[in-house]
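See structure below.
Bear in mind these aren't lab numbers, they're just calculated from the coordinates by the rules spelled out. Please read these numbers as outputs of a predicted model, since none were measured by experiment. As a convention, Cβ positions derive from the backbone with ideal geometry for all residues, glycine included, and neighbour counts pool all protein chains shown.
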Amino acid sequence: MMNMETASNENIRKELGKRLQSERLNRNITQAALAEKAGIARRTLLGAERGESFTIDTLISILRELGCLAQLNLFLPEPEISPVQLSKLNGKKRKKA
């Protein structure tokens with residue numbers, strides 16, 4: 001397993017691309033079919049699977065069509081406010097650090 005803390009952005013993109021490709025293949029979906037369902041060009045999907053730069057919208061579209069969009073909750077869960085911070089805010093929403 002890759003150490004994401006020390007890996008370069010390029011290596012993380014490549015790993016993410018491999019994982020997207022593996023998920024697609026495990027579901028027996030062609031690149032053309034997934035790209036069409038996701039509303040992206042096949043070339044865009046190919047680039048994502050190769051670890052080339054792609055947009056967050058592309059990632060969301062791919063994950064949605066693979067049925068993996070809920071995985072984003074594991075990736076970046078919604079932060080919780082501690083009870084101490086909540087009492088300091090007196091019902092106001094925090095806007096600055």
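Highest mean first, how do 7-14, 74-81 rank when packing is the count of other Cβ atoms within 10 Å averaged over residues?
Per-residue mean Cβ counts within 10 Å order the peptides as 7-14, 74-81.
Taking all Cα pairs closer than 8 Å and separated by 6 or more residues, the relative contact order of the range 1-76 comes to 33 percent. Annotation: the chain has a Kirkwood hydrodynamic radius of 15.6 angstrom, from the mean reciprocal C-alpha pair distance.
Taking Ala70, Ala32, Ala41 as the candidate residues, the one with maximal mean-square fluctuation in a Gaussian network model of the chain, Cα springs under 10 Å, is Ala70. Put simply, the amide H of Cys68, placed in the peptide plane, has no neighbours under 5 Å, leaving out anything fewer than 5 places away on its chain.
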